[in-house]
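Here the structure is laid out as structure tokens; the discussion comes afterwards.
Bear in mind these aren't lab numbers, they're just calculated from the coordinates by the rules spelled out. Just so we're clear, the structure is a prediction, and the values are computed from it rather than from any experiment. In this analysis, Cβ positions are derived from the backbone assuming ideal geometry, glycine residues included, and neighbour counts consider all displayed protein chains.
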Amino acid sequence: MPGPSIVVGIDFGTTFSGVAWALEGSIDDIEVLTSWPGAGNRTSVKVPSTIIYNGEDIQWGYQIGPLSEACRGIKLLLDEDQEPSYAYAPSLASKALLEKHGKNAV
């Protein structure tokens, strides 16, 4: 007999993202993730929407330093039919980085 379903909500933002979950039928008891890898003792409802590929080592969010060669703004690359936003240069740089690693945002 299966247990209760877990409902997960993901706010995938251009610069920061968040995650929350609840058991089905328990709408008043929503849990928001506040602990993230690389954040140390700091808690936050959001984590940077960044990822970096170092060979087989993949780091994301707070694991990444501000000056690293990370993919940023990848949300803007998810719709392949849209032209890249020239107003947000990090997404253009991220497209080139993803291609360098043989990956794409989708």
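Overview of values
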{"read-out": "Amide H contacts of residue 50 (H built 1.01 Å from N, under 5 Å, at least 5 apart or other chain)", "value": "61"}
{"read-out": "Residue 93-residue 34 pseudo-label distance in nm [points 7 Å out on the Cα-to-Cβ vector]", "value": "3.2 nm"}
{"read-out": "For the chain, projected area of the alpha-carbon convex hull averaged over all directions, nm²", "value": "9.7 nm²"}
{"read-out": "Residue-span extension gain [residue 45 to residue 58] - 0.36 nm each, minus C-alpha spacing", "value": "2.5 nm"}
{"read-out": "Long-range HN-HN contacts of residue 15 with modeled amide H, under 5 Å", "value": "none"}
{"read-out": "Added length on full extension, which subtracts the Cα-Cα distance from 0.36 nm per residue, residue 80 to residue 6", "value": "23.6 nm"}
{"read-out": "Debye, to nearest 20: dipole size of the chain, +1 on Lys, Arg Cβ, -1 on Asp, Glu Cβ", "value": "420 debye"}
{"read-out": "Length-normalised contact order for segment 53-106 - Cα pairs under 8 Å, 6+ apart - percent", "value": "33 percent"}
